[in-house]
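Just so it is clear, none of the values below were taken in a lab; they were calculated from the coordinates. This structure is a prediction, so every number in the text was calculated from the model and none was measured. Cβ: placed from backbone, ideal geometry, glycine included. Neighbour counts: every protein chain shown.
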């Protein structure tokens, strides 16, 4: 039996994944699935690049403030 609560309650099992794949094939057709997968992969890559750039910019801004948060840095001015 699966637990009613916890981290595994939203996990997809093999049955659910198969059902989702069958639904996707019916909705989009077998020829469109590879194109959709490529598009999702590219979007994921662009999102991860954006997150990396944002984290690098945040680190640079922290160094500009001497490692202090924005509110502490503005109080000291």
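Between the beta carbons of residue 58 and residue 11, assuming R0 = 35 Å, the FRET efficiency works out to 0.65 to the nearest 0.05. Using the Cβ-Cβ distance between residue 46 and residue 24 with R0 = 22 Å, the FRET efficiency computed as 1/(1 + (r/R0)^6) comes to roughly 0.50.
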